[in-house]
Amino acid sequence: MTTRKILLGHGGGGRLSRDLIAQEILPRFGEGPLAGLPDGALLEFGGQKLVFSTDSFVVHPLEFPGGNIGELAVHGTVNDIAVSGGKPLWLSLAAVLEEGLDLALYRRVLDSVKAAARECGVQVVTGDTKVVARGQCDGVYLNTAGIGVSIEGFELSQGAVRAGDQVLVSGTLGEHGMAVMAAREGIAIAGGVVSDTAGVQRLVQAAAPFAAGVRFMRDPTRGGAAAVLGEIVEDTSIGILLDEQAIPFSPGARAIAEMLGLDLLHVASEGRMILISAPECSAKILAAWKALPEGENAGVIGRVSEDAGRVILTTAIGGRRLVDIPRGELLPRIC
Amino acid sequence: MKYIEGFRDADAARFLHDKLAATGEELAREGRTVRVMEVCGSHTMAIARFGVRGMLPDTVSLLSGPGCPVCVTDAAYIDAAIELAEREIIIATFGDMMRVPGSRETLAQLRAAGAEVEVCYSPEGALVLARNNPEREVVFLGIGFETTTAPVVSLVHTAQAQGVRNLSVLTAFKLVPPALDALIADVEVQIDAFLCPAHVSAIIGSEAYRPIVEQHSIPCAVAGFEPLDILYGVQVLAEMLAQDKPALVNHYARVVRPEGNLAAKTLIDAYLEPVDAGWRGLGELPRSGLGLRERWSAYDAAKRFSVSTRGGSFDPRCRCGDVLKGKIIPPQCPIFGKVCTPDNPVGACMVSSEGSCAAYYRYSRTD
Ligand code: SF4
């Protein structure tokens, strides 16, 4: 690492984050289930296959159009378990609260946790609360950890992806990141943009009958779809070819991204998933997804190519360009 | 959003490509080139994002110019901002500036070491910071071309009207036309036509480019940011070259008026005056920037805290100057993509998403 301090960009989900993990975490903990850095650890225990995952949540503002930090904390861990091929069952909930936090706001957050957990079919079974002095945290930090059981049939691995496979997304991309940024910066646009925060566990269930053809699943959170796809092809002999016109984006997210000069492929979603399937299964999975309300805008957005290590986008005017893994913080342009 | 779609149509793009190819070939037969410089960083980014460069026929090339405000920011300016931050002054800045290399370090590194450097999405953010920290001094980094100048000027205006006294601006405003003059004067630079900025022209007006056309016979086209706007602009420029009829055309008339935005110009003029300015890579150009007039010196951070924005040094390996002048394209810089990457930018052109090196790296790297 060329810098001797932690930069904000180290938490952005892009290259800097990955370097930090590769250089500091993997050498210490990288043997065993953490190897390969899956979203959730696959653990065998008493003849059962379990999926275990954890995530911490800091978001500013705490409430944003479409949700608050409470449902985000549930969905984040539920989704990590789901895309690891698990059915989420139990969650822990730990909160760090700032002195002076408005109790009414904390109640809204907890009510959202409760509603989201019910919606996702998980139970909050243990927890912890700490309070720190004013200024030592930003209102509320949450952490959730979750346990699920592995769904029969999924054999997921990045290494199983091969040329000819199809790339599916379950819905429009980037709304969560744009909703939070718009709320933070006070950007108001007609029609608005609402966070997509939601559980993806039903989408995973819907794909389960075709599990043999499912190579890989992940939820495109920080770093967006570009980070997920970039990581799959990096240092491999495969690439991905995306068709810009096939990628679902909502008009609101698009307008804000245009305004700030951001690429929506770099922007986080919190209720979407990317799935790579064998070509013969993609139509069936797509049909199963489209039958669900959360899969209404699902689509095949591209395919796995032989263009080693590169994610290429065919643009709407017929040009071609590289889709890069974002580096750190997303910073809006100046003019 | 129908509006956006309308300008990204693939069939129209193909049609323009074919026309451009025919014109390019006609010129090539006469041994002439079509080297078009896109002056503005937003054009550079749009060209990269939509893969426009790859759609051009071989006979036509698009070169990036000095129109990305971050790229032309001098190392000395960053040094001055760092010096202020080290004096416990709160620095408020657009995000892109965080990673621009100064002579020794960047503002991002300084922030990680504990300095207060706050990212703002608009100049008003600095006003909020100043109000929330009445016992502290806040300095806003006022960089940019004619487009960002007006909002920063209104920041000074509001600060004065509301009696906010702990806010000032470290100015490094730049003007587009003097930079184009400097490029034309450089005998090593070979540019056949200019694709002129969209937003900047909305302020200064398309007539600002008239002298370039009349004195140097170089065709100029003002074009919008949509990929079809850009392709169309290039095609029109090529046609003017083929017919030997250099002219000034405005293809962004839906936004740009010949005289520009008079209200903004009047506002700018009331607060700012032309000054000599240092450009990264191009050096010091006479009357190529804007600084606060004497009567507003209380808001001029350089005067208020006596810091200099001159001098400074940058990595000798950096070829940003040649990139900004269109003498080389980014991959021709020996350290492009190897030593110099968006994670570890050596030159400013690798920092902003509008910088031509960053755009090449992100969207068309071939390694
Ligand atoms: S690649 Fe880096 S060092 Fe080379 S010209 Fe571009 S910014 Fe400067």
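The numbers here are math on the coordinates, done by the rules we state, and not lab data. For clarity, every value in this text was computed on a predicted model and none was experimentally measured. Cβ: placed from backbone, ideal geometry, glycine included. Neighbour counts: every protein chain shown.
Would you please give the FRET efficiency between residue B:293 and residue B:87, computed as 1/(1 + (r/R0)^6) with r the Cβ-Cβ distance and R0 = 25 Å, to the nearest 0.05?
Details: r = 25 Å, r/R0 = 1.01.
Efficiency, rounded to the nearest 0.05: 0.50.
What number, in percent, do you get for the relative contact order of chain B if the mean sequence gap of Cα pairs under 8 Å and at least 6 apart is divided by its residue count? Show your work: numbers first, answer last.
Values: 710 pairs, mean separation 85.4, N = 367.
Relative contact order of chain B: 23 percent.
Amide H neighbours of residue A:151 under 5 Å, at least 5 residues apart or on other chains, H built in the peptide plane: list them.
It is A:86, A:87, by chain and number.
Give me B:17, B:216 ranked fewest to most by other Cβ atoms within 10 Å of their Cβ, as a rough exposure proxy.
B:216, B:17
Quick one: Karplus J couplings for the stretch A:278-291, per residue in order, coefficients 6.51, -1.76, 1.60, θ = phi - 60°, nearest Hz, x for Gly and Pro?
4, x, 6, 9, 4, 5, 5, 5, 4, 5, 5, 5, 5, 6
So what J values fall out for the stretch B:335-350 if you push phi through Karplus, 6.51 cos²θ - 1.76 cosθ + 1.60 with θ = phi - 60°, rounded to Hz, Gly and Pro as x?
Listing the rounded values in order: 9, 4, x, 9, 7, 9, 9, x, 6, 10, x, 8, x, 5, 5, 8 Hz.
Could you name the lysines whose alpha carbon sits less than 30 Å from that of residue B:338, not counting residues in the same chain fewer than 8 places away?
Those lysines meeting the cut-off are A:5, B:325, B:327.
Show that you can apply the helix-only estimate: for chain B, add -39,500 (n - 2.57) for every DSSP H stretch of four or more residues, divide by all residues, and state [θ] at 222 nm to the nearest 500.
Working: 15 runs with 144 residues, N = 367.
Estimated from H runs of four or more residues: -11500 deg cm²/dmol.
Name the longest site-free stretch of chain A, where the excluded sites are GluC sites (Glu not before Pro) in a DSSP loop with no more than 11 other beta-carbon atoms within 10 Å.
Details: sites that count: A:31, A:99, A:152, A:155, A:306.
Answer - A:156-305.
So which trypsin sites (Lys or Arg not before Pro) in the stretch B:1-94 pass both tests, a DSSP loop state and at most 12 other Cβ atoms within 10 Å of the Cβ? Show your work: numbers first, answer last.
Working: sites: B:2, B:8, B:14, B:19, B:29, B:32, B:35, B:49, B:53, B:87; in loops: B:8, B:32, B:87.
Here the trypsin sites (Lys or Arg not before Pro) that fit, given the DSSP loop and packing criteria, are B:87.
Which is farthest toward the positive dipole end of chain B among B:151, B:260, B:59, measuring Cα position about the Cα centre, with Cβ charges +1 (Lys, Arg) and -1 (Asp, Glu)?
Toward the positive end, the furthest listed residue is B:151.
Using each residue's phi in the stretch A:170-177, evaluate 6.51 cos²θ - 1.76 cosθ + 1.60 at θ = phi - 60° and report the 3J(HN,Hα) Karplus result to the nearest Hz, with x for Gly and Pro.
The phi angles translate into 8, x, 4, 9, x, 5, 4, x Hz.
With r as the distance between the Cβ atoms of residue A:235 and residue B:306 and R0 = 60 Å, compute the FRET efficiency 1/(1 + (r/R0)^6) and round to 0.05.
Values: r = 52 Å, r/R0 = 0.87.
That gives a FRET efficiency of 0.70.
For peptide A:254-264, compute the average count of partner chain beta-carbon atoms within 10 Å of each residue's beta-carbon. Write out the running numbers ahead of the final one.
Details: counts 2, 3, 0, 0, 3, 0, 2, 10, 1, 5, 0.
Other-chain Cβ atoms within 10 Å of each residue's Cβ, averaged: 2.
Do any trypsin sites (Lys or Arg not before Pro) in the stretch B:334-367 lie in a loop, going by DSSP, with at most 13 other beta-carbon atoms within 10 Å of their beta carbon, and if so which?
Values: sites: B:338, B:362, B:365; in loops: B:338, B:365.
Passing both the DSSP loop test and the Cβ count: B:338.
Sticking with the crude label model, points 7 Å out along Cα→Cβ, report the distance from residue B:9 to residue A:205 in nm, one decimal please.
4.6 nm
Would you grab the residues whose amide H sits under 5 Å from the one on residue A:215? Only those 5+ places off in sequence or on another chain, please, with H modelled 1.01 Å from N.
Under 5 Å from the amide H of residue A:215 lie the amide H atoms of A:276, A:277, A:278, each far enough along the sequence or on another chain.
Under 26 Å Cα-Cα from residue B:303, which lysines qualify once same-chain neighbours fewer than 8 residues away are excluded?
Partners found: B:174, B:265.
Whole percent per 20 Å bin, from 0 to the bin with the longest distance: what is P(r) over all C-alpha pairs of the protein assembly as shown?
P(r) for the protein assembly as shown, in whole percents per bin: 17, 49, 30, 4, 0.
Could you name the lysines whose alpha carbon sits less than 22 Å from that of residue A:284, not counting residues in the same chain fewer than 8 places away?
Partners within reach: A:87.
Given the -39500 (n - 2.57) contribution per DSSP H run of 4+ residues, what per-residue ellipticity at 222 nm results for chain A, rounded to the nearest 500 deg cm²/dmol?
On the way: 9 runs with 93 residues, N = 335.
Counting only the DSSP helices, I get -8000 deg cm²/dmol.
Taking loop as defined by DSSP and a crowding limit of 10 other beta carbons within 10 Å, which GluC sites (Glu not before Pro) in the stretch B:183-231 fit?
Values: sites: B:188, B:207, B:214; in loops: B:188.
Of the GluC sites (Glu not before Pro), the ones in loops of the stretch B:183-231 whose Cβ has at most 10 other Cβ atoms within 10 Å are B:188.
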